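These notes concern the structure reproduced below.
The values are calculated or read from the model by the stated rules, or taken from the named source; none is laboratory data. Being a predicted model, the structure only gives us computed values, none of them experimental. Here the Cβ is made from the backbone with ideal geometry for all residues, glycine too, and neighbour counts use every protein chain on show.
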Amino acid sequence: MADAKPAARMREVHQESDGTYGAPRITAELRETSGEAVNHKRVARIMRASGIEGVRYCAAGTAPPSQIRLRPGLRT
């Protein structure tokens, strides 16, 4: 399938970000590293199909403690 190679690379980028990157950041990373023209809609579609999700932040700036995930090295 044509989406297998991009899906594998997206999974790598997602894991390198400790699971925090979503479609916009993964799209930017793929464009910078591979130089390949990739559309954010395609990235989002492949991510949904592969079960890859970024961290969602609450609009009000608060979230239940169970949903808060901080990257190592960040201070609160």
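Condition check ((1) assigned to a helix (DSSP H, G or I); (2) at pLDDT 90 or above; (3) over 14 Å from the mean Cα position of the chain (by Cα)) across all residues:
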| residue | (1), (2), (3) |
| --- | --- |
| A7 | yes, no, no |
| I26 | yes, yes, no |
| T33 | yes, no, yes |
| E36 | no, no, yes |
| K41 | yes, yes, no |
| E53 | no, no, no |
| R56 | no, no, no |
Look through segment 34-54, keep the residues that are loosely packed, with under 11 Cβ neighbours inside 10 Å and of a type outside the set (A, V, I, L, M), and return whichever of them is nearest to P72 (Cα to Cα). G51
